[in-house]
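What follows is a short report on a single structure.
What follows draws every value from the coordinates through simple rules; no lab data is involved. Being a predicted model, the structure only gives us computed values, none of them experimental. When we count neighbours, we look across all protein chains shown, and the Cβ atoms used for this are built from the backbone with ideal geometry, even at glycine.
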Amino acid sequence: MGRTSRFTQHRLVRLVTALVLAVTGTISLAAPASAHGRTRDVRVLTRNVFFGGDLGPSVAAQNLPEFLQANAALVEHADRMDFPARARLLAAEIRERRPDLVGLQEVALWRTGPIFDPRPATTVRADYLAILQAALAATGQRYRVAVSQDEADLEAPAGDPFRFDVRLTLRDVILVRQGSPVRVTGTAQAQFQHNVVVTIPATGTTATLAFAWTAVDATLDRRPFRFVNTHLEAVDPIVRLRQAVELAEGPLRTVRPVILVGDLNTGPDQEALDDRLAYLVLLAFGLRDTWPVLHRRDPGYTVDLGVDLDQPADSLEHRVDLILVRGRVTPLCSEVFGTERRTPDGRWASDHLGHAATLALR
């Protein structure tokens with residue numbers, strides 16, 4: 001990073017910090033509402049379901065043989081992470097909590113095609129959304145897709161033993177429980193304008209690691225609100241900050257009460273101030289973090305259970321799967337969950353924990 005970039009980054013830190021201090025000085029965290037008050041409660045849940053691997057070795061490969069090998073290893077790893085088994089765990093979690101609205105991130109769609117074919121691969125190998133919906137239906141809980149938005153859409157050849165082109169499309173999805181009193185009246189979705197673009201040394205090409213948001217306008221007992229689900233940039237803190245500003249100037253710009261959920265890849269406990277910037281800018285735009293309202297002494301960590309989904313439950317270090325609100329919304333209760341059960345081969349449902357909350361619309 002050059003001198004100019006460091007100066008710009010430090011300036012952003014100072015500006016965001018000053019803005020947060022100015023705004024949050026006038027905002028108080030509301031105490032939980034009485035269960036006997038004139039409220040209507042909406043239950044929400046956020047879950048990063050984990051696409052099944054690590055793109056790092058593919059991006060870092062220096063030549064074609066390494067690239068083919070890395071892509072084959074990625075496919076093999078995703079197969080071994082056994083999403084059908086993990087989906088049964090996710091479905092059980094959702095069944096137990098019966099959220100009205102579910103925000104999902106990294107909902108993978110794996111497709112294949114002839115190797116080195118320039119046309120997009122179209123043969124479905126694994127559709128995580130369809131698999132999860134089937135698992136939910138098997139538990140007696142049916143959830144319909146309100147809105148879905150593609151994030152990164154990446155395709156590359158995979159070597160032995162696969163010898164096909166593999167295409168990975170990641171999606172952000174909002175599900176609505178059938179039979180819920182919540183009524184969806186409108187939807188919106190988009191990729192962020194600011195995303196990281198990486199160069200692949202093995203091919204001399206570039207790939208956009210796109211992130212996105214989805215949103216629904218809804219009513220509950222004639223009370224309107226907006227539910228926004230997002231997944232923010234994982235590595236670059238300045239791109240993540242700019243995405244948070246896009247949220248604030250886009251789907252969060254409404255007079256309706258707002259509920260924002262997702263894997264934000266930022267939070268108040270990040271060691272580096274740069275990694276807290278996106279969280280701070282969301283607070284500066286008036287959002288309130290529901291977790292510390294209800295759990296003042298519990299850090300509520302939600303990551304990381306490892307790329308093999310086998311790290312000890314006490315290895316969690318940060319809280320990045322958040323539920324934030326603005327306007328006439330009061331948190332009543334919440335929990336993080338995801339270490340209650342494992343797949344038959346001993347893996348967790350995801351590398352993240354889930355986060356669920358019951359919120360009162362006043």
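Where both bridge residues fall in the chain, DSSP classifies roughly 85% of the beta bridges as antiparallel.
Remark: spin-label model distance Asp314-Asp236 equals 3.9 nm, labels positioned 7 Å along the Cα→Cβ axis.
Determine the gain in length on full extension of the stretch Phe116-Asp345; use 0.36 nm per residue of separation and subtract their C-alpha separation, reporting nm with one decimal.
Numbers: separation 229, 0.36 × 229 = 82.44 nm, distance 3.45 nm.
Taking 0.36 nm per residue and subtracting the Cα distance, the gain is 79.0 nm.
When you restrict to C-alpha pairs under 8 Å that are six or more residues apart and normalise by the size of the stretch 38-361, the relative contact order lands at 20 percent. With a Förster radius of 41 Å applied to the C-beta separation of Val307 and Arg253, the computed FRET efficiency comes to 0.65.
Placing +1 on the Cβ of every Lys and Arg and -1 on the Cβ of every Asp and Glu, with nothing else charged, gives the stretch 208-355 a dipole about its Cα centre of roughly 1040 debye.
Given charges of +1 on the Cβ of Lys and Arg and -1 on the Cβ of Asp and Glu, with all other atoms neutral, how large is the dipole of the stretch 38-361 about its Cα centre, in debye to the nearest 20?
Values: 37 positive and 42 negative charges, 402 e Å.
Once rounded to the nearest 20, the dipole reads 1940 debye.
Go ahead and estimate [θ] at 222 nm for the chain from helices alone: -39,500 (n - 2.57) per DSSP H run with n ≥ 4, summed, over the residue count, rounded to 500. Please report the intermediate quantities before stating the final value.
Values: 8 runs with 96 residues, N = 362.
Computed mean residue ellipticity for the chain: -8000 deg cm²/dmol.
Paramagnetic label reach from Ala60 (point 7 Å along Cα→Cβ; backbone nitrogen cut-off under 15 Å): within the stretch 281-310, residues 307. In the stretch 84-100, whose amide N lies under 16 Å from the spot 7 Å out along Cα-to-Cβ of Cys333? List them in ranges. Those under the cut-off are 94-100. For the chain, the spread of Cα positions along the three principal axes, ordered from largest to smallest, is 63, 57, 39 Å. Starting from the Cα of Thr123, step 7 Å toward the Cβ, then list every residue of the stretch 49-89 with an amide N under 18 Å from that point. Answer for this model: 72-73, 75-76, 79. Remark: spin-label model distance Thr208-Ala85 equals 3.7 nm, labels positioned 7 Å along the Cα→Cβ axis.
Exposed loop sites here are GluC sites (Glu not before Pro) in DSSP loop states with at most 16 other C-beta atoms within 10 Å. What is the longest stretch of the chain lacking them? Answer from the scan: 1-270.
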